[in-house]
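The values are calculated or read from the model by the stated rules, or taken from the named source; none is laboratory data. These numbers come from a predicted model, not from an experiment. In this analysis, Cβ positions are derived from the backbone assuming ideal geometry, glycine residues included, and neighbour counts consider all displayed protein chains. To get the accessible areas, we keep the full protein, side chains included, count just its heavy atoms, and leave off ligands, DNA and RNA. Shrake-Rupley method; radii C 1.70, N 1.55, O 1.52, S 1.80 Å.
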Amino acid sequence: MDEFNKIIKRELAAGANLSIINLIDELLKHAAAIRASDIHIDPQERAVRLRFRVDGVLEDALPLPKNIHSEIISRIKVLSQLRTDEHHSAQDGRFRSIIAGSGSVDVRVSIAPTYHGENAVLRLLSDNVENFTLETLGFSAPDQRKILQAIKKPSGMILVTGPTGSGKTTTLYTLIKMLNSKEISIVTIEDPIEYAVEGVEQIQVNSRTGLTFANGLRSILRQDPNVIMVGEIRDIDTASIAVNTALTGHLLLSTLHTNDVSTTLPRLLDMKVEPFLVASTVSIAIGQRLVRKICTTCKEDKIVTEEEYKRLVETVPSAVLNRNKKYFHGKGCPKCNGMGYKGRIVIAEVLVADEEIREAILRKASASEMKQLAIKNGMTTMLSDGFQKALQGLTTIEEVLRVTHE
């Protein structure tokens with residue numbers, strides 16, 4: 001970040017000769033170099049706050065002068081082909097930027113009017129999704145086997161759940177990539193389309209023309225697909241059509257916003273889907289979060305003291321801790337910008353809809369009962385998966401607790 005701040009200071013020193021084009025190019029170049037997923041440009045009373053989201057956490061950079069704020073926003077609007085004369089409504093767009101040394105990057109732009117002027121959030125969409133596998137995402141070997149078994153079935157539903165920013169879409173794209181072959185037809189409906197996948201028909205939701213998830217899903221059924229991916233099940237209509245689609249011989253993949261995997265099935269019941277339909281269509285539900293990986297360059301042992309262990313037992317079941325006291329952490333180095341972390345992996349729980357779970361759905365059992373049944377039948381909880389990864393030196397205890405909020 002220090003090197004970037006020096007570059008920005010040098011650009012700003014040009015005064016009246018400052019090039020806003022160069023400034024935006026430097027922002028994008030730096031974001032790509034530090035693997036940032038988002039750039040936040042937030043106007044404040046006297047300056048413009050600049051932040052980069054790296055591995056899910058926002059980091060401050062050098063603030064920019066307020067007098068160049070409108071030029072920065074105008075440049076971003078021009079790149080995104082948005083209206084430069086509109087300052088009082090939200091606008092969304094995207095553009096592609098060529099970054100020296102990093103190739104091209106797709107940038108999704110969201111601009112909104114705030115108290116001190118228009119802000120901008122730039123989402124950098126990397127093409128790395130093409131290289132992901134279940135293993136590189138961080139799924140454990142037993143969870144990988146469960147997922148592979150489910151995607152081999154010709155029909156049924158595979159649901160990926162978790163809050164915003166938990167990597168659900170990346171997991172779906174990875175599964176789509178694994179299924180993609182010339183023998184089958186794959187159609188997706190997304191909002192927005194984040195990555196282009198060759199050989200897959202991708203449809204963008206458009207509320208202005210009435211192309212919603214529900215309407216789009218009805219149209220897709222007339223396209224003779226084998227596999228359908230629905231970006232998100234948001235409402236009763238979409239849930240109902242999705243379940244009926246899975247029932248009529250299609251493999252359907254989608255996401256749901258729920259806190260953990262055991263609340264996924266009751267959530268479908270809340271959306272007025274009949275219990276027998278949920279029981280006969282859902283194959284697996286994957287609950288996930290993203291944790292930061294310890295930087296391999298500066299990783300070192302961390303021994304938990306007896307006092308720290310006692311405090312841990314207050315929040316984490318002792319069965320999960322299993323008296324383990326040797327963990328790891330990153331002390332910070334130039335490779336990870338002093339953060340001690342570099343990259344992210346999934347911690348997950350995979351609920352397989354076996355006979356007992358189906359019976360529980362039919363009698364509308366509570367989420368906690370479903371969780372206990374799933375654990376009894378071999379499900380590793382997200383917390384246990386996280387602590388196993390902390391023991392392996394992939395992440396830290398602090399990260400696991402941060403994202404699970406247990």
For the charge dipole of the chain, defined by +1 on Lys and Arg C-beta atoms and -1 on Asp and Glu C-beta atoms about the Cα centroid, which residue among S219, A100, I111 has the Cα displaced farthest towards the positive pole?
A100
Just to verify a number: what accessible area does T248 come out at with the full protein assembly present, 1.4 Å probe, Å² rounded to tens?
90 Å²
Figure the gain on full extension for A141 and A112 (residue separation times 0.36 nm, minus the Cα-Cα span) and round it to one decimal in nm.
6.1 nm
Quick check: from the Cα gyration tensor, does segment 1-125 come out rounded (a/c under 1.5), prolate or oblate?
rounded
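Only loop residues by DSSP count here, and only those with at most 16 other Cβ atoms within 10 Å; note down the trypsin sites (Lys or Arg not before Pro) in segment 259-295 that meet that. Provide the component values of the computation, followed by the final result.
Details: sites: R267, K272, R289, R292, K293; in loops: K272.
The qualifying sites are K272.
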On the full set of protein chains, 1.4 Å probe, figure out the accessible area of E307 and give it in Å² to the nearest 10.
110 Å²
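Could you sort T404, T263, T315 by their accessible area in this structure, using a 1.4 Å probe and putting the largest first? All intermediate terms of the calculation are to be shown ahead of the outcome.
Details: T404 20, T263 45, T315 70 Å².
Reading off the accessible areas and sorting them downward yields T315, T263, T404.
Given a Förster distance of 35 Å, report the FRET efficiency between E59 and T305 from their Cβ-Cβ distance, rounded to the nearest 0.05. Kindly include the intermediate steps, with their values, before the conclusion.
Details: r = 30 Å, r/R0 = 0.85.
Result of the calculation: an efficiency of 0.70.
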Between the DSSP loop rule and a limit of at most 14 other Cβ atoms within 10 Å, which trypsin sites (Lys or Arg not before Pro) in segment 299-353 are left?
R323, K325, K331
With point charges of +1 on the Cβ of Lys and Arg and -1 on the Cβ of Asp and Glu, referenced to the Cα centre of segment 1-125, which listed residue (Q44, P65, F4) lies farthest in the positive direction of the dipole?
F4
Cα-projected label distance for A33 with S318, points at 7 Å along beta-carbon direction, nm
5.1 nm
Area accessible to solvent at I7, 1.4 Å probe radius, in Å²:
30 Å²
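Skip the ligands, DNA and RNA, and give the accessible area per residue of segment 244-319 with a 1.4 Å probe, whole Å².
Numbers: 3330 Å² over 76 residues.
Accessible area per residue, segment 244-319: 44 Å².
Dipole magnitude of the chain about its Cα centre, charges +1 at Lys/Arg Cβ and -1 at Asp/Glu Cβ only, in debye to the nearest 20? Walk me through the numbers before you get to the answer.
Values: 51 positive and 50 negative charges, 110 e Å.
Charge dipole of the chain: 520 debye, to the nearest 20.
Tell me whether the chain comes out rounded, prolate or oblate; compute the Cα gyration tensor, take square roots of the eigenvalues as a ≥ b ≥ c, and use a/c under 1.5 as the rounded threshold.
Oblate.
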Which listed residue (I203, V230, I193) has the Cα farthest towards the positive end of the charge dipole for segment 134-405, taking +1 on Lys and Arg C-beta and -1 on Asp and Glu C-beta about the Cα centre?
I193
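Only loop residues by DSSP count here, and only those with at most 11 other Cβ atoms within 10 Å; note down the GluC sites (Glu not before Pro) in segment 149-230 that meet that.
Numbers: sites: E183, E190, E194, E198, E201; in loops: E183, E194, E198.
The qualifying sites are E183, E198.
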